[in-house]
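Taking it in order: structure first as structure tokens, then the write-up.
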Number of protein chains: 2
Amino acid sequence: MAAKDGYILERQAGHLLRRAHQRHSAIFQENIGDVQLTPLQFAALVKLRDLNEVSQNHLGRLTAMDAATMQGVIKRLASRGLIERRPDPNDRRRLILSLSDEGQALINALVSNGGGITAQTLAPLSAAEQKTFLDLLTKLAQLNGEAE
Amino acid sequence: MAAKDGYILERQAGHLLRRAHQRHSAIFQENIGDVQLTPLQFAALVKLRDLNEVSQNHLGRLTAMDAATMQGVIKRLASRGLIERRPDPNDRRRLILSLSDEGQALINALVSNGGGITAQTLAPLSAAEQKTFLDLLTKLAQLNGEAE
DNA sequence: CAAAAATTGTTTGTGTACGAATAATCCAGG
DNA sequence: CCTGGATTATTCGTACACAAACAATTTTTG
């Protein structure tokens, strides 16, 4: 914990963010149950549920995933039959993504409990602290100028 | 941004933590300069600087890295000559890690600017907000009972 | 003390992350 | 209209992240 100069690893934002994210991931896994689904896969399904149809890159932007990362996430979801891919007739570069019936049913079932994961992640804080924390964290999560 | 039920991805702790961590990583890369060093490699060097000598697993615990992850991080640092590995004469399972002269010099030079990365990460917040945020984040980063 | 339990480091396999390069396609300015 | 620039999706390479299984040890316990 001590350090030669004033530099203490345990006080650095990056280290703490990483640890908090680790803890959240563990909570996510516990709560998601027997369904084998990662946080990113979950996020992609949620956004797809909100929008019905989006191109792969666009979905990546909305879920903060790199195009290369998105590719892998989508490939795995598609191979499990949770989402469907079809070419965009208006733009042949694009791939239009949508939920399959199975994917729709799965994400609907999971979302009802989704808030519980955030609640459990923030459980060490009081209600007031939770609100403060989420507000501040939201500011720090903004990359640059974000819109939609 | 909208959702069918009340579930909004952008308000979930996990999603925000992930985004904030992404933003921090980008800031880290910009500030670390031409030295090719990742946040985890940096953390390992910092801790090694504080303690002089530690076993690999112990260092992993102090930096919140999985044993398998630590293995890779250490291997890369050792192959670059930044750290040294030697067997523990008292426990033949253990590998004792320490900084090489080069590693020592490198981390000393980087630590002087290390605080700047956290400052830049937290820059969107006021001074008071920064303190609040770090305090709350510290609580959320605690896995269970932690000591040492 | 000897068998059982725990630790240390390694390897394997899957899944993010993301820079960089590429092919196919779209689009805008001249 | 047509050519240079942007966009979309894919692939490659490197680096986490972590569960699971292992061999070599150490430690604990009956």
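Observations on the structure shown:
- Nearest-first distances (nm) between copies at B:S98, label 7 Å from Cα via Cβ: 6.6
- Inter-copy label distances at A:L143 (7 Å, Cα→Cβ; nm, one decimal): 3.1
- Aspartates and glutamates with Cα under 18 Å of B:K131, excluding same-chain neighbours fewer than 8 positions away: A:E10, A:E129, A:D135
- Each of A:L62, A:G116, B:G115 was placed along the dipole of the protein assembly as shown (beta-carbon charges, centred on the mean Cα), and the one lying farthest toward the positive end is A:L62.
- Rounded to 10°, Cα long-axis angle of helix B:39-51 versus longest principal axis of chain B: 50 degrees
- Whole-number accessible area per residue in Å² for the range B:12-141, which is evaluated in the context of all protein chains at 1.4 Å: 47 Å²
- Accessible area (Å², 1.4 Å probe, nearest 10) - B:T38: 60 Å²
- With Cα atoms, 0 to 90° folded angle of helix A:101-121 axis to chain A main axis: 10 degrees
- Leaving ligands and nucleic acids aside, the B/A contact buries around 5300 square angstrom of accessible area in total at a 1.4 Å probe radius.
- Stretch in chain B that is longest and holds no trypsin sites (Lys or Arg not before Pro) that DSSP places in a loop and that have at most 15 other beta carbons within 10 Å: B:5-79
- Per residue of B:17-30, other chain Cβ atoms within 10 Å of the residue Cβ number 6 on average.
- The Kirkwood hydrodynamic radius of the protein assembly as shown, based on inverse pair distances between different Cα atoms, is 21.1 Å.
- Ligands, DNA and RNA left out, the 1.4 Å accessible surface of the range A:30-148 is 49% carbon and sulfur atoms.
- Largest to smallest accessible area among B:E10, A:E30, B:E84 [probe 1.4 Å]: A:E30, B:E84, B:E10
- Look at the stretch B:128-136: the mean tally of other chain Cβ atoms within 10 Å of its residues' Cβ atoms is 5.
- Förster radius 25 Å - calculated FRET efficiency between A:D5 and B:A127, Cβ distance, rounded to 0.05: 0.70
- Shielding by partners - mean other protein chain Cβ count within 10 Å, residues of B:47-56: 2
- Computed about the Cα centre, the dipole magnitude for the range B:73-148 is approximately 380 debye when only Lys and Arg (+1) and Asp and Glu (-1) carry charge, each at its Cβ.
- Relative to its residue count, chain A spans a Cα convex hull of 163 Å³ per residue.
- Position B:E30, label points 7 Å along Cα→Cβ, spacing to each other copy in nm (shortest first, one decimal): 3.7
- Sequence-separation-based contact order of the range B:82-141, relative, with Cα cut under 8 Å and 6+ spacing, percent: 22 percent
- In this Cβ point-charge picture (+1 for Lys and Arg, -1 for Asp and Glu), the range A:9-141 has a dipole of about 440 debye about its Cα centre.
The values are calculated or read from the model by the stated rules, or taken from the named source; none is laboratory data. These numbers were taken from a predicted model, which means no experiment stands behind them. Here Cβ is always computed from backbone atoms with ideal geometry, including for glycine, and neighbour counts include all displayed protein chains. Only protein heavy atoms, including side chains, enter the accessible area calculation; ligands, DNA and RNA are left aside. Shrake-Rupley method; radii C 1.70, N 1.55, O 1.52, S 1.80 Å.
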